[in-house]
Structures are given as C-alpha cells and as structure tokens.
Amino acid sequence: MTTTRTTQRPVRIVGLVALIAGILMIGAGAATWATVSTQLAAQDITVSEDAAFLGGATVDGPLTAYAQAQVIDKHALEATGGQTYAQLEQDDPLRATAMNASFLRASLFTSVVAFGVATLVIGLGVLFGLIGWALPSAAARQGAAIPVRAEAEREKLAVS
C-alpha cells in the first residue's frame, strides 16, 4: 500500500515566510529612505548655485546630497589653493577649512550610501515578495507529491 504525502505544505510555508520577509524589507527600506530624507531636509541645506547640477535645490535626496558634496570639495580646493587637508602644513590656518569641508562631504556621502542601502533593501524586498508569491503556485502547478510507503509496508520490507 502506497500513500502520498505532498510537499506543498513546506513550500507554502517557505513562500509565506519569503512574502512576509519581502513586505518587511520593503517597509524597512522605505522607512530608512524617509528618515534620511527628512533629516537632510531638516538641515535646510541648498545646493550651491555653482554646482555642476541641481543648483538651488534643497538637499533631501541622494542626487542633491551628492551634488552638494561635490561643490563643497570644489570650494574647499579653491580656498586652499588646490591642496587637500593632508597636503597642507599642520600650522596652516586653511587646514581647518579643508577639515570642515572633508567632514561635511563625509556626512553627505554617508546619506548617499544610506539611500543606496534603502534602495537595495526595497529591491530585495520586492524580489523576496515575488518569490514568496510565486513559489506556492509553482509547486501546485507541478503537482509536487512524493509517494511514501505506508508504515506497515516499510516494516514488511525491513523483515524480509
């Protein structure tokens, strides 16, 4: 006597876990994006008019943060005669200007990275969600079933 145990239940559980993980990842990524954007906007930074792009825009996203970081570098190099913090003599009063510019750029680049990570997490969340949605229906279409011998039949074979 042979009975059939379907593998659809574990596949459905894995699909559900993937779907829930996807939804949570989308939410976490969106919350991160919103938090970073809100915090940047609260600083009331405007991209300098002489920036290569987005001049005059409020810094509240990855492109405006990048544009402002680039123009800060341009201004700092102009102020220091083209020298970076490390290239200036230790007693040079312009070293403080170069240091502040470096710190500001690092902060803006950190926000750019945070936007990138948030986007990555949202993208992975979509991928997990799609896998979680598709997995159970794909298993059902395959008629995923594994024949399993009944316990009594297994015992007979073991005795033989």
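Dividing the convex hull volume of the alpha-carbon atoms in the stretch 4-109 by its residue count gives 149 Å³ per residue. Modelled this way, with points 7 Å down the Cα-to-C-beta line, the labels at Q87 and D44 are 3.5 nm from one another. Among 20-28, 76-84, sorting by the average number of other beta carbon atoms lying within 10 angstrom of each residue, highest first, gives 20-28, 76-84.
Bear in mind these aren't lab numbers, they're just calculated from the coordinates by the rules spelled out. Predicted model, so just to flag it, every value in this text is computed and none were measured. Here Cβ is always computed from backbone atoms with ideal geometry, including for glycine, and neighbour counts include all displayed protein chains.
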